[in-house]
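Okay, so here's the structure we're looking at.
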Amino acid sequence: SRAGLSVCIAEQLMFGGLVVNVNHLRPGLEGQPASGSDLAAESMTRVSDLGVTTLFEQVTAVAVEGELFRVATADGEHPARSVIVATGARLRTLGIPGEAEFEHRGVSHCADCDAPLFEGQEAVVGGGGASALQEALVLSEFCSRVHLVHRGPGFSARPEFVARVREAAAIVPHMSTVVESLEGGEQLTGARVRHQTSGDAALLPCSGFFAYVGLEPNTEFLPPAVEKREGAVTVNGQLESTLPGLYAIGAARSGHGGLLTPA
């Protein structure tokens, strides 16, 4: 926009995506707001001040017509000479029995948002990466006990997060363990887990369950000519995809910060 180009953003939900759920960015961006919601709000204001057009619609398809792209939304098709895919990613689910059934009845995806709902109760966090450990730490400030269930023998997060988890009295790690199902009645009451080596099973009591086992890129709408790796767009050194003129940035591109592999 600053270069004088005509720019349009198609945004299906809200500016910022998953980052708006983060109360404290660690590490933060120098000179930028410390919270994800503030960062998104400031970015939205800057974009608006530059006169960028925003369509609050979901992109359903991208097609090539001659030298132009046709970006389809519910409102119609929008021509563009270049397309930048910045659709981010969504949290991957475990796909276990009870996970979908207890959505909004104990299953949550944002500890920063929902931790106060489980004050004085027990919660289970599935995962062993940075996001899982950070969410467990947030929950430990409210919950009487936080069960941190990880399928691997060791955590794959920065040492500072691992050290803080080890020091948190309310967090109980369950290593080499998987969550097999969620159980309850009207509300979630427990998570059934199994140790991968011994085969021992247990029912962990919990009112809340949070899965942080990696991300799935939001790229299903792209044409077959765009090469992808595990759903993420493959790009070259200029962030251009295998379809000339179409670029990918952030969590939609392959190799983004190592975040696209399961935790």
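The values are calculated or read from the model by the stated rules, or taken from the named source; none is laboratory data. Owing to the predicted nature of the structure, the values given are computational and were not obtained by experimental measurement. Neighbour counts are summed over all protein chains in view; Cβ atoms, including those assigned to glycine, are modelled from backbone coordinates with ideal geometry. Note: areas computed on protein heavy atoms with side chains; ligands, DNA, RNA excluded. Shrake-Rupley method; radii C 1.70, N 1.55, O 1.52, S 1.80 Å.
Looking only at residues that are without any contact (Cβ under 8 Å) to a residue 24 or more places away in the chain and either touching a His at 6+ places or on another chain (Cβ under 8 Å) or small (Gly, Ala, Ser) (or both) in the stretch 73-111, which one is nearest to GLU122 (Cα to Cα)?
Checked the stretch 73-111; the qualifying residue nearest to GLU122 (Cα to Cα) is ALA100.
When the stretch 57-97 is examined, which residues are found to be at pLDDT below 90 and over 20 Å from ILE249 (Cβ atoms)?
ALA74, ASP75, ARG92
Can you tell me which residue in the stretch 232-249 is farthest from the chain's Cα centre (by Cα), limited to those that are closer than 22 Å to THR73 by Cβ and surrounded by fewer than 16 Cβ atoms within 10 Å (Cβ to Cβ)?
GLY245
Among the residues in the stretch 179-192, are any touching a Ser or Thr at 6+ places or on another chain (Cβ under 9 Å), farther than 30 Å from GLY120 by Cα and assigned to a loop (DSSP other than H, G, I, E, B)?
For the stretch 179-192, residues touching a Ser or Thr at 6+ places or on another chain (Cβ under 9 Å), farther than 30 Å from GLY120 by Cα and assigned to a loop (DSSP other than H, G, I, E, B): absent.
Please go through (1) open to solvent by less than 30 Å² (accessible area, probe 1.4 Å); (2) over 22 Å from the mean Cα position of the chain (by Cα); (3) within 20 Å of CYS110 (Cα to Cα) for VAL226 and return the number of the only condition it doesn't satisfy.
(3)
Looking only at the stretch 157-174, filter to residues that are in a loop (DSSP other than H, G, I, E, B) and open to solvent by 40 Å² or more (accessible area, probe 1.4 Å); which one of those is modelled with the lowest pLDDT?
Among them, the one singled out is ARG158.
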